[in-house]
Every structure is written in structure tokens, then in C-alpha cells.
Amino acid sequence: MSHRPSVARAARCIPSSLAVFAAAFAFSGCAKTEGTRSTDSTASSTSSATTSVACVGDNGGITLPAGFCATVFADDIGHARHIVVNTNGDVYVNTWSGRYYQGATKSGAFLLALRDTNADGKADLIKRFGPDAQQGNGGGTGISIYKGALYAEEGDTLSKRIVRYALSSDSVGPTSTTSEAIVIALPADGDHPMHPFVIDGSGNIFMDVGSASNSCQVKSRTLESPGRRPCVELQTRAGIWRYDANRTNQRFSRAGRYATGNRNAVGIALDGSGQLFATQHGRDQLFENWPKLYTSNQGQNLPAEELLKVAQGDDYGWPYCYYDGSQKKLVLAPEYVGDGGKAVGECASKKGPEAFFPAHWAPDGIAFYTGSQFPARYDGGAFIAFHGSWNRAPGPQGGYNVAFVPFTGGKAIDPAKYEIFADGFAGANKQPDAAAHRPTGLAVGPDGSLYITDDKGGRVWRVVYKGTAR
């Protein structure tokens, strides 16, 4: 479920100076620039007038439930990771470069501001800003807005940082090319070098720091190599860290750890009440590394992907445990004297998921629906973007879709049930290198529209509801 350290695996959840950076500008298309599955199936700058968007065409190549339609809000913008929408409807996207992506990277800066000036569901004003590759930047995943400022992850292959840009509703980009460093020296080596984050109303930055390895083996991803005990990697990886969005130059350290045992939480979000949730990208290669304990079919279907409700001090079990969706429990990993899924041992004290999904689908983005445009059944539920698998052989690869999990009272109605909301991103071939698009980030706009990013083809969709009234 994670990337192997090779480009061929096409990373499903992809991989310091504080100098003043010059803004970079680029044109995109004809845009102007400024300075258990069910099949159910605000200023003048905003694109809030959903009635002006007609359900025509092919929804940008994806399928949606009846009554929904999509426009291609932007296209070919680079490896589009996470996305956020300002209160005036302006859209901001963080894009990424690095070893997980083949082919050329878009020239210019990695942060994009996009505005739909005529409410047709397409960005016609696009601006790139922040440092570019010539300034030692490779882009990032995390992005958020707090107190009218944009926070974003950036950095190189060794160290990342979270920076802040001032915004103004009068300009599609930041008010200054200068950013402030908020958190510095974030680890960017190993299997999971990205740092998704979300900021709550009090200014707490909750940030994922993914594991550097698959399962903390003495020899990573090696046949029958035992796990390290203790897994010292947990001191600075595989968990959620908390920092203060109101402070500058906070240095990453083990002291900031908020929760632990989460192998890779590319999806991290707050629900409507402010409760924190995160995904767990389950470990890979149970069969390949432990063929005496697991069949190839078990390797394909274990472990489950997870949606976790996060509280301070929680421990979700990695690397000592994994979640078996068929048994609906955490069991001991083979690196830690597990016996193929029967023994529970120390996993009895670890925290299980709020909801779970098929193995290796790679949940890369979460958005709780807090808008009022979609039918009422979507209220409070979770949309999850599944980036797509690389290691579900001998069966077909899976994911490459956006699923919906109904919630009520802050809980999933059924932890095992989800429905595919949007599909068709990959096209004819659900393989990382061959897929046309891979859904990655999600955001709900102030008008209730859902935005979906794609880090393969660089596309952004805007999904609206055109059916009967709520």
C-alpha cells in the first residue's frame, strides 16, 4: 500500500533555507494569469452559482450518481495533491515533484491559485506562486487556510516545511511573494515523505508524518526479516503531530507527537464538529515477505484500509498490528510473532478504525460534507479519494475512485459499508503507470460543490448537484 522505493511502483501516496522567494507565473490552457460496496451510484470571484453549470458532456471522463455532474475545473496543472477552497470561492492546490513521478514536471512554482470569474465551473484565472525547482523546492501535499492565510507544505527530498502566505480576496494569489516558516525540518526520507495536515478553529495544526518503512523490518521489504523491537521509527514517524498555526519557526521533534501507530495518513480532515479523522494506509507484502503464513489471495485482500477517529494519545498499532477486515479486528503482524492472522496479543490494546475498506486502495484525501447543495443523505458524511493500488495481484488492481461513507451522530452508520460516488478516473487500465487519472485530494467549496484533484493527469473536477431539491 505504500510506495516501494522505485519509480516503477508509481507511488500511490507519493514522496532549509528560509529565503524570500520570487513568485512564478504560468499559463494553463486558455486561462488568464495575474501577476461493502453499494452502487448508489463568495465574493465576485467565486463559482458559487451552481445553476449556471449545465450537466452536459461526459463529466470530464468520470461517472457520478444520478443528478450530479462535473466540469473540468482545471487541467494539466502538474501533480495535483491536496486542495483547499477559500470562503470567496478561490481554489488553491499544492502540486508535487520527485521520485514518485515519471515524466516532466510542470515548469514554475508548485502552488496554484485558481479562480472562476464567470461561474461556468472552470478556472479562467490561474496563478503559480512560491519557490520553484531552481530554488530547491519540490512541492508538497499539505495545504490549508486559517485566519485568511494559506498554509502549505514545501521543500526538497531531505527536509520539508510548512509555510504561510497572506491572502486577499482582491487578488487570486498571495499578497506577497514572501512566506513565513511555521514548522521546519520535517523528515522527507523513506517510503512516505509527504506531510498532509489540517488546521482546526483554535489554530492547531494536525499533521501526518508517514512511516519511513513498510513494517519496520530489520531489512525492509525482505523475505521473513523480523521487525525491529522497539520500532524506534515511531519516535519521529508513523503518527500525527500537533503544532500551532499562530507561531513561526517551530522545529519538528518527537515532542510534538499527538497520536501514534498510523503508518501513513495521507487523508486527514475535521468533521463538522471539529473532530479529527485520518486514514491508515495498511502495510504491504504480507504474502511476498511471509509466504509460509499467507496465500497470494490473502496478500491481495489484507490488510484493510482504515478511517480512524483521532484523539490525543491514541495508538493505532503499526507496525506491530494490522487490521483484518474479514475478522473485524487488529491482529499481530508476522514481523512481530504473528501467526498469519490468528493471534491478537498486544493488538487488543490498540485502537481500531471507524470504518474500513478493501486492501491496498490507498486513501489519499478526505472531505466531510458540510455543504447544503447535495441531497440531505450526504450531510456529515465522508468522501474519500482512493489513489489506487499497485499490489493487489493476483487479482485486478482496485481503488482509483471516490467513495462515500454515510455518517450519523459523528459516526459511520456501518463501518463496513461504503458506496462508490465517483469512478472512471483510471480509464481502461487500473495500473499506477497506465491510469489516466488518480484521485488524490478533496475539498468542499462554500457553495457546497465538491472538488477532486488528480496527481497523474493534473486535473481538477468540480462536482455539483443538479437533481431535484434537497
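This table checks each residue for (1) buried (at least 21 other Cβ atoms within 10 Å of the Cβ); (2) among the charged types (D, E, K, R); (3) at pLDDT 95 or above.
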| position | (1), (2), (3) |
| --- | --- |
| D244 | no, yes, yes |
| T248 | no, no, yes |
| A255 | no, no, yes |
| R263 | yes, yes, yes |
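Here is a yes/no grid of residues against (1) farther than 23 Å from T279 by Cβ; (2) of a type in the set (A, V, I, L, M, F, W, C); (3) out of contact with any Phe, Trp or Tyr (no Cβ under 8 Å at 6 or more places or on another chain):
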{"residue": "G89", "(1), (2), (3)": "yes, no, yes"}
{"residue": "Y101", "(1), (2), (3)": "no, no, yes"}
{"residue": "N118", "(1), (2), (3)": "yes, no, yes"}
{"residue": "A149", "(1), (2), (3)": "yes, yes, no"}
{"residue": "L186", "(1), (2), (3)": "no, yes, no"}
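Could you tell me whether L270 is under 24 Å from P353 (Cβ atoms), at pLDDT 95 or above, open to solvent by 60 Å² or more (accessible area, probe 1.4 Å) and of a type outside the set (K, R)? Break it down into steps so the answer makes sense when it comes.
Details: under 24 Å from P353 (Cβ atoms): yes; at pLDDT 95 or above: yes; open to solvent by 60 Å² or more (accessible area, probe 1.4 Å): no; of a type outside the set (K, R): yes.
The answer is no for L270.
For (1) open to solvent by 20 Å² or more (accessible area, probe 1.4 Å); (2) touching a strand residue (DSSP E or B) at 6+ places or on another chain (Cβ under 8 Å); (3) of a type in the set (K, R); (4) farther than 27 Å from A265 by Cβ, each residue gets a yes or a no:
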site	(1), (2), (3), (4)
V72	yes, yes, no, yes
W96	no, yes, no, no
R99	yes, no, yes, no
D116	no, yes, no, yes
Q134	yes, no, no, yes
I143	no, yes, no, no
Y151	no, yes, no, no
K160	no, yes, yes, no
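State whether one or more residues within region 422-431 are crowded, with 20+ Cβ neighbours inside 10 Å, under 21 Å from D120 (Cβ atoms) and of a type outside the set (D, E, K, R).
Yes, the conditions are met somewhere in region 422-431.
Being open to solvent by 30 Å² or more (accessible area, probe 1.4 Å), touching a helix residue (DSSP H, G or I) at 6+ places or on another chain (Cβ under 6 Å) and in a loop (DSSP other than H, G, I, E, B), is that true of even one residue in region 101-114?
yes
Quick check: anything in region 322-334 out of contact with any Lys or Arg (no Cβ under 8 Å at 6 or more places or on another chain), assigned to a helix (DSSP H, G or I) and open to solvent by 30 Å² or more (accessible area, probe 1.4 Å)? I'd like the intermediate steps shown before the answer.
Pass one, region 322-334, residues out of contact with any Lys or Arg (no Cβ under 8 Å at 6 or more places or on another chain): 324-329, 332, 334.
Within this subset, residues satisfying the condition of being assigned to a helix (DSSP H, G or I) are 334.
Now restrict to residues that are open to solvent by 30 Å² or more (accessible area, probe 1.4 Å): none.
There is no residue in region 322-334 that is out of contact with any Lys or Arg (no Cβ under 8 Å at 6 or more places or on another chain), assigned to a helix (DSSP H, G or I) and open to solvent by 30 Å² or more (accessible area, probe 1.4 Å).
Does region 120-150 hold any residues that are hydroxyl-bearing (S, T, Y) and either over 24 Å from R459 (Cβ atoms) or in a loop (DSSP other than H, G, I, E, B) (or both), and which are they? First the steps, then the outcome.
First pass over region 120-150, keeping only residues hydroxyl-bearing (S, T, Y): 141, 144, 146.
Of everything in region 120-150, those that are hydroxyl-bearing (S, T, Y) and either over 24 Å from R459 (Cβ atoms) or in a loop (DSSP other than H, G, I, E, B) (or both) turn out to be T141, Y146.
Do you know which residues across region 376-408 are surrounded by fewer than 23 Cβ atoms within 10 Å (Cβ to Cβ), in a strand (DSSP E or B) and polar (S, T, N, Q)?
T408
The values are calculated or read from the model by the stated rules, or taken from the named source; none is laboratory data. Computed from a predicted model, the values in this text were never measured in an experiment. All Cβ positions, even for glycine, are placed from backbone atoms using ideal geometry, and neighbour counts span all protein chains on display. With ligands, DNA and RNA removed, areas are computed over all heavy atoms of the protein, side chains included. Shrake-Rupley method; radii C 1.70, N 1.55, O 1.52, S 1.80 Å.
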